[in-house]
Amino acid sequence: MFNIENPNREAFQPTPPRNFTCTNVWNVGQHPYFTWSAPSDPSGVTFSYNIYRNLGAGYSKINGAPITNTSYADTEIEIVKNGANAAIYYAAATGSQSPESEPSNTAGIQTNIAEKSILPEESVSENSRENQQRHSLQLSNYPNPFNPVTRITYFLPDEGPIRLSVFNLKGQRIEELVHARERAGQHSFEWNVAGLPGGVYFHRIQAGKFTATNKLLLLK
């Protein structure tokens, strides 16, 4: 059984939602309706979802409360034949304690609604999201998958002692990357894993009572 010092699987970053699709893309006059499949990993987790829309000025989250099923209708938008604007969407998943997943594949429809007609509401939503991110423990790496170097980035909302470690699938700590007191803010460094075999690993950061864990895929 997979175990990293008895972590809660809800804390692991999910893989992206799969098969994100607009099921009525040709139904002129209807609100676009989207379906998708749950992430493939981690298993045994109850996911919730956020939907992001781009009308030409960047992606913004459009749902209020997290979505608990795998479908969504955008009631602010209607599908228009040969519309002057495109609306592009994607879904992202989260567990109850996890960072949000990477985006799913995108799906788009034609509409005549311009970004400026809903920009004030979306700006508030995006600002609230950015403000929340600035006050939470975060951990990520890029690229992922990688070989043999990836850049690990973490954000600390407060100064204090942290411990950043890497584990294998058996839950064994194979390397301790950071064990020190660090200032608040963003930190990053390159991690070269040329000596490790390819496969799935996990890196976890612990800061006080808070933890964040992500999956790493090393390709060889």
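We did not get these values from a lab; they are worked out from the coordinates using the rules stated. What you see is a predicted model, and the numbers here were worked out from it, not measured in a lab. Glycine also receives a Cβ, built like all others from the backbone with ideal geometry; neighbour counts cover every protein chain displayed.
Numbers below:
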read-out: Potential lengthening between V200 and A57 on full extension [0.36 nm per residue; Cα-Cα distance subtracted]; value: 47.9 nm
read-out: All lysines inside 30 Å of K61 as judged from Cα atoms, apart from same-chain residues fewer than 8 positions distant; value: K81, K116, K209, K215
read-out: FRET efficiency, 1/(1 + (r/R0)^6) with R0 30 Å, evaluated for T75 and N192 via beta carbons; value: 0.05
read-out: Loop GluC sites (Glu not before Pro), segment 136-220 (other Cβ atoms within 10 Å of the site Cβ: 13 or fewer; DSSP); value: E159
read-out: Label-to-label distance, nm, for residues given as A180 and H31 (7 Å Cα→Cβ offset); value: 5.2 nm
read-out: Stretch gain in nm, segment L219-T23, where the contour uses 0.36 nm per residue and the Cα spacing is subtracted; value: 67.1 nm
read-out: 15 Å cut-off, amide nitrogen to a point 7 angstrom out along T15 Cα→Cβ, residues in segment 27-62; value: 37-45
